[in-house]
1. Work out, step by step, the length gained on full extension between residue 229 and residue 247: first 0.36 nm times the residue separation, then minus their alpha carbon distance; give nm to one decimal.
2. How would you classify region 89-150 from its alpha-carbon gyration tensor, with a ≥ b ≥ c the square roots of the eigenvalues: rounded for a/c under 1.5, else prolate if a/b is greater than b/c, otherwise oblate?
3. Taking the Cα of residue 77, stepping 7 Å toward and past its beta carbon, and measuring to each backbone N in region 126-153: which are under 15 Å?
4. Express the Stokes-Einstein translational diffusion coefficient of region 156-288 in µm² s⁻¹, to the nearest whole number, given a Kirkwood radius over alpha-carbon pairs, 20 °C and a viscosity of 1.002 mPa s.
5. Pick out which of 207, 94, 330 has the largest mean-square fluctuation in a Gaussian network model of the chain, springs linking Cα atoms closer than 10 Å.
6. If you restrict to DSSP beta bridges whose two residues both lie in the chain, what percentage is antiparallel, to the nearest 5?
7. When the chain is modelled as a GNM with alpha-carbon springs shorter than 10 Å, which of 293, 234, 119 fluctuates the most?
8. Of the DSSP beta bridges with both residues in region 156-288, give the percent that are antiparallel, rounding to the nearest 5.
Ligand SMILES: [Zn+2]
Ligand SMILES: [Zn+2]
């Protein structure tokens, strides 16, 4: 089968590999139908994910059809259409029992697929702990609608869940990339009084306004002023930092009112500084990444009910054999790309 592979620092290649087989009673083999490229794949390519293993098939955002299951798998059966979770988790350890599946103590717990074990930019993928890692897609939900459930939509949903958003709140979201937009959609479900979205790219802000006309938008230079104008207590009640730059990390606490919740969703290239003397007296609560992706059944329900719709994010679709071109487009932000879907051939 064809599998897009991390060969070496800076180099991915489409290789012919053997079809994966069940290695454990709790495994499933999934025939991938649609996959996507994530910014984290680029982080692997450029060496900023040291635990990524050369030779691994990349890709951790995909949907497909169950081909085969181990004898201990109960939640899915061959023929089921499923979303695949970015995170591998056992479901029984202390962290899993508390819903903190990102910290599952299994050796492959957390983000392993497409990083430490073979992922889904391929015709087939082996999913460990299939009862936890797969969710059945309702019949009324298409592959395109379900594509982001296991990764960026899970992230947005988790971020909105932990941010303690109240109906009277002004919520600031920093970053309107794919994960920022998923976060925005999930924050909207909490129905805060006001949502402000900040990004340095005017095209992204236009995309936000086109999808959600009630959202206020601003670039990084104007955002503090806008937040002040539209909040009652000197700053945003809740800030979600999804952009991941030094500037946005600073804006996150600067735009927050005293006693606000600041949720850091972003993954940074380097350490950030908390200037505690400057912040003293603000009494902020920081919550830091990453996602506990265990609410996929709920998000699939919300999609089926028409309350979440991430399909506008898919701006381009390529067949697997042209995945090189898809990466080139995504990496170089050409042609207004937001997300690329990779279609597997029948
Ligand atoms: Zn990802
Ligand atoms: Zn666990």
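1. Value of the extension gain: 4.4 nm.
2. oblate
3. Within reach of a label on residue 77, which here means backbone N under 15 Å from a point 7 Å along Cα→Cβ, region 126-153 contributes 136.
4. Estimated diffusion coefficient is 149 µm²/s.
5. Between 207, 94, 330, it is 94 that shows the largest mean-square fluctuation.
6. Bridges in the chain are about 55 percent antiparallel.
7. Most flexible of the set in this elastic network: 234.
8. Numbers: 0 of 21 bridges.
Antiparallel bridges: around 0 percent, rounded to the nearest 5.
Rule-based calculations on the coordinates, nothing more; no lab input. Small disclaimer: the values here were computed from a predicted structure and weren't measured. Every residue, glycine as well, gets a Cβ built from its backbone with ideal geometry; the counts of neighbours run over all protein chains shown.
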